[in-house]
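Down below is the structure, laid out as structure tokens.
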Amino acid sequence: GFNISDIETNNPHWINLKTPIEVDTLNGIDSCERIWFNGKQETMDIEFEDGNIYTYTLNHKLLVSRIDGTTAWVRVDELQEGDEIVNQDDIG
């Protein structure tokens, strides 16, 4: 892992992790060895049906089910009324 306060620059760049982490994806568990740091960005809080609140940058993409029945990856700042965020429980 890493501590966000250890990042010395605000310039966007890749951060290599000392120890890879496992990430739950639509295709199962995958290994992640680095993350992209965007620098300081504006954020938005989104409250989920279970009451949990998560903070996302505006360009972060979430998988949503649209009113018309389609599924798409949508930037947080482009979410529309009626979009339902898809979670792992909805998939498996």
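Derivation of every value follows stated rules applied to the coordinates shown; laboratory data play no part. Treat the numbers as computed from the prediction; the structure is a model and nothing was measured. So basically every Cβ, Gly included, is an ideal-geometry build from the backbone, and we count neighbours across all protein chains shown.
Odds and ends about this structure:
- Extended-chain gain in nm, criterion 0.36 nm per residue less alpha-carbon gap, residue 9 and residue 44: 10.4 nm
- Over all pairs of different C-alpha atoms, the chain has a mean inverse distance whose reciprocal, the Kirkwood radius, equals 15.4 Å.
- Exposed-loop-free span, longest in the chain, where trypsin sites (Lys or Arg not before Pro) count as exposed if DSSP calls them loop and at most 15 other C-beta atoms lie within 10 Å: 1-39
- Once both labels are positioned 7 Å from their Cα atoms along Cα-to-Cβ, the gap between residue 63 and residue 27 label points is 1.2 nm.
- Positive dipole terminus of the chain, leading residue within 37, 72, 52 (C-beta point charges): 37
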